[in-house]
Amino acid sequence: MSPPIPHFLHRISIFSQIPKCLTIFPHLNHSLSSIPSTYLDSQFPTNQGPQDSIHDPAKIIATQVSNCRNLLELNQVYAQIVRTQLLDLYSAPFHWNNIIRSYTRLDAPDKALCVYVAMSRAGLLPDSYTLPIVLKSVCQFLATEFGRQLHSLAIRIGLESNEYCESGFINLYSKLGEFRNARKVFEQNRDRKLGSWNAIIGGLSQGGRAKEAIGMFLELKKCGFLPDDVTMLSVTSASGSLGDLDLALQLHKCAFQAMPIEKPGILLSNSLIDMYGKCGRTDLAYKVFSRMEERNVSSWTSMIVGYAMHGHVNEAIDCFQCMREAGVKPNHVTFVGVLSACVHGGAVQEGKYYFHMMKNAYGILPQLQHYGCMVDLLGRAGLFEEAREIILGMPMKANSIIWGCLMGACEKYGNVKIGEWVAKHLQELEPWNDGVYVVLSNIYAGRGLWKEVEMVREVMKQSRLVKIPGYSLATNSK
């Protein structure tokens with residue numbers, strides 16, 4: 001008899017209700033059927049029986065699907081499979097799993113889920129390999145209700161305690177921010193494997209619950225488990241967000257024990273660099289960095305961001321130059337670090353240079369963070385018209401952080417004109433925030449515009465705005 005479904009799950013059949021997000025399935029099959037049939041006809045003989053050892057269609061299915069390098073190729077292969085109805089002859093879950101896995105691997109979770117729906121409609125139940133793959137697609141696509149239905153089904157067919165299925169459900173609920181449900185899934189299985197521990201620790205760490213992740217790591221050790229590099233990757237990430245150096249040093253010892261001796265993991269080394277950088281120990285971060293046999297873009301970026309975060313401007317810029325000389329192509333996060341360093345150092349010309357380099361030399365389109373750095377940099381230097389042009393030229397709307405940085409610069413320099421312009425936009429974005437009125441009043445007072453000061457105070461009074469103790473508009477004053 002199957003165990004009862006937990007109270008936080010509804011008894012929903014995966015076959016009876018398909019989420020709206022997957023109603024594209026008929027359209028997918030329609031688009032696949034429109035692909036020319038000449039692509040793989042010679043490779044999928046339909047006139048031979050399943051016993052033919054020379055041209056075994058089952059082996060051809062697996063090989064062709066696994067060898068697809070992009071979405072177009074996979075669509076073509078799957079179209080031929082649908083057209084020749086090979087999955088009716090070879091209906092084992094293995095072949096369906098292979099197709100679903102390939103769509104997931106090629107970052108097409110919606111198509112992966114559609115294939116799973118087709119598998120369900122063909123009357124096949126998922127096995128212990130199907131569910132983890134499908135759950136990965138559910139997490140990518142954030143198909144919430146579909147994930148709950150899968151959990152209900154897993155309980156009914158006895159797969160809820162399978163290590164990989166259990167980890168998949170923990171990951172799902174963590175991604176959805178439902179940490180109570182993630183913990184319930186974890187706690188209901190008394191025979192836990194390391195994968196389940198890694199899933200709950202990783203989910204808590206990525207969900208911003210660093211203290212809970214560290215607490216769960218300590219529980220893991222009390223239960224006699226030896227953490228691996230996956231465990232330590234999540235724990236060191238959580239430690240970095242706490243900024244606790246003593247904890248970081250202890251975790252480094254655990255990480256050293258978890259690292260493969262023959263080849264230390266590059267991901268774990270990057271996480272250690274990031275951890276020490278956030279704790280303010282860029283010297284220790286550099287020690288880890290210097291001992292790495294292989295470095296990728298994240299290794300360099302973690303060092304640059306660490307330097308920038310703590311005002312080590314020259315070191316950040318020098319590290320970026322060394323990165324380029326090493327032939328490693330920077331990404332958008334790298335440039336956030338470089339531009340942040342320029343902001344801390346007041347390096348206006350350098351900031352402009354790297355901002356243009358990002359676009360012109362590397363073809364990286366600036367995102368909100370890059371524009372924010374430039375507005376902050378120009379505002380701190382008193383270059384208000386240039387900062388204004390940056391905001392007006394942005395392809396997206398400025399957020400309150402960008403406006404707040406510029407407002408702080410206006411207060412520092414007493415720029416009434418730009419201050420009023422910024423205040424208008426901030427008031428539209430956050431009408432509940434009285435910090436903008438306080439800063440605008442300060443700007444007027446600094447210029448001796450007492451009539452305007454009184455007007456602002458009257459507006460605050462009429463709006464019944466009460467200053468929240470200890471809260472004000474973020475400024476960029478040094």
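Throughout, read-outs are computed from the coordinates displayed, never taken from laboratory work. Bear in mind that the values here come from a model prediction, so they are computed numbers and not experimental data. Quick reminder, even Gly has a Cβ in these numbers, built from the backbone with ideal geometry, and neighbours come from all protein chains shown.
Things worth noting here:
- Charge dipole (Cα centre; +1 on Lys/Arg Cβ, -1 on Asp/Glu Cβ; no other charges) of the stretch 202-276 amounts to roughly 120 debye.
- Eligible lysines near LYS222 by straight Cα distance, threshold 21 Å, same-chain separation 8 or greater: LYS184, LYS193, LYS211, LYS253
- Ordered by the number of other Cβ atoms lying within 10 Å of each residue's own Cβ, fewest first, PHE320, PHE169 fall into the sequence PHE320, PHE169.
- Sites matching GluC sites (Glu not before Pro) across the stretch 289-328 that sit in DSSP coil, with at most 13 neighbouring C-beta atoms within 10 Å: GLU293, GLU294
- Under Karplus coefficients 6.51, -1.76 and 1.60, residue-wise ³J(HN,Hα) of the stretch 345-351 in Hz, glycine/proline x: x, x, 8, 5, 4, 5, x
- Relative contact order, percent, the stretch 202-276 [alpha-carbon distance under 8 Å, six or more residues apart]: 34 percent
- Look at the alpha carbon pairs under 8 Å that are at least 6 residues apart: their mean separation over the length of the stretch 122-213 gives a relative contact order of 24 percent.
- Taking other residues whose beta carbon is less than 15 angstrom from the beta carbon of GLN367, and scoring Lys, Arg as +1 and Asp, Glu as -1, yields +1.
- Dipole of the stretch 295-363, positive direction: furthest Cα of ALA341, GLY351, ASN296, with charges on the beta-carbon: ASN296
- Computed over the stretch 295-363, relative contact order equals 33 percent, with contacts defined as Cα pairs under 8 Å that lie 6+ residues apart.
- Taking a straight line from the alpha carbon of LYS352, these lysines sit under 30 Å away, with near neighbours fewer than eight places off in the same chain left out: LYS278, LYS329, LYS397, LYS412, LYS417, LYS424, LYS478.
- In terms of other Cβ atoms within 10 Å, MET455, MET358, MET309, MET275 run from fewest to most in the order MET455, MET309, MET358, MET275.
- Sum of side-chain charges, THR334 neighbourhood, beta-carbon under 13 Å (Lys, Arg +1; Asp, Glu -1): +3
- Toward the positive end of the charge dipole of the stretch 202-276, with +1 on the Cβ of Lys and Arg and -1 on the Cβ of Asp and Glu, the farthest Cα among SER237, LEU251, LEU226 is that of LEU226.
- On the basis of the beta-carbon distance and an R0 of 41 Å, LEU226 and LEU142 show a calculated FRET efficiency of 0.75.
- If the segment from GLN321 to ASN67 were pulled out straight at 0.36 nm per residue, it would be longer than the present Cα-Cα gap by 87.6 nm.
- In sequence order, calculated HN-Hα J values of the stretch 382-392 (Karplus, 6.51, -1.76, 1.60; Hz; x Gly/Pro): x, 8, 6, 5, 5, 4, 5, 5, 4, 5, 5
- If a spin label sat at a point 7 angstrom from the Cα of ASN331 along the line to its beta carbon, the backbone N atoms of the stretch 348-385 nearer than 19 Å would be those of 358-371.
- Estimated FRET transfer efficiency (SER91, LYS193; beta-carbon r; R0 30 Å; 0.05): 0.45
- Residues LYS424, LYS451, LYS175, sorted so that the one with the fewest Cβ neighbours within 10 Å comes first: LYS451, LYS424, LYS175
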